[in-house]
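What follows is one structure encoded as structure tokens, with my remarks underneath.
Since every read-out is calculated from the coordinates, none of them should be taken as a lab result. Quick caveat: nothing in here was measured; it's all calculated off a predicted structure. Because the Cβ atoms are built from the backbone with ideal geometry, glycine has one as well, and the counts that use them run over all protein chains shown.
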Amino acid sequence: MKPLRIEYIYRILTALWAVNGKATAFTICTPAEVKAIANDAIALMTKHNIPKSNCAGAVITYEAAGPRSKAYKYPVISTRLTLRVGADGSTIYLVRIERCRRYPGQAASFRVALKAKAYAAFMKRQAAIFDDLGR
């Protein structure tokens with residue numbers, strides 16, 4: 001799948017339909033949900049003090065939540081999104097949509113993979129915070 005800008009609503013909708021089929025529960029069904037997830041990902045990185053300059057090239061994987069009820073004994077089909085942050089740090093591209101299995105009680109999850117240089121800068125900032133607390 002070619003990376004799509006979040007603004008390409010019809011292409012995203014077509015890709016979601018192709019992956020999800022008729023499933024609507026526990027899946028991501030609309031481009032609005034994809035855009036909300038992208039905004040949440042940027043907010044998550046901002047919350048953890050990752051500047052936009054270090055966000056460039058980050059790969060974000062999101063998996064929708066599984067059922068809350070323990071009545072489900074088997075995994076359900078859900079949706080996994082892979083997003084990539086553009087070179088400017090604010091443009092987000094949808095790289096992949098795929099099916100995944102989610103088990104009862106599993107919450108929605110974000111995984112953020114930063115580039116090595118951005119990760120080193122992030123860890124340096126975090127170490128400085130703890131160093132300041134120790135004094």
Cα-based Rg and Dmax for the range 22-78, where Dmax is the largest Cα-Cα distance (Å): 14.9, 45
What's the ranking of 81-91, 120-130, 97-107 by average number of surrounding C-beta atoms within 10 Å, highest first? 81-91, 97-107, 120-130
Suppose only helical runs count, i.e. DSSP H with n ≥ 4. What mean residue ellipticity at 222 nm does that imply for the chain under -39500 (n - 2.57) per run, divided by all residues and rounded to the nearest 500 deg cm²/dmol? -12000 deg cm²/dmol
What's the ranking of 39-45, 20-26 by average number of surrounding C-beta atoms within 10 Å, highest first? 39-45, 20-26
Please list 3J(HN,Hα) in residue order for the range 57-62, calculated via the Karplus relation 6.51 cos²θ - 1.76 cosθ + 1.60 where θ = phi - 60°; whole Hz, with x for glycine and proline. x, 5, 10, 10, 10, 10
When the convex hull of the C-alpha atoms of the range 4-134 is computed, what volume per residue in Å³ does it have? 116 Å³
Using alpha-carbon coordinates, inclination of helix 116-134 to the longest axis of the chain, degrees: 60 degrees
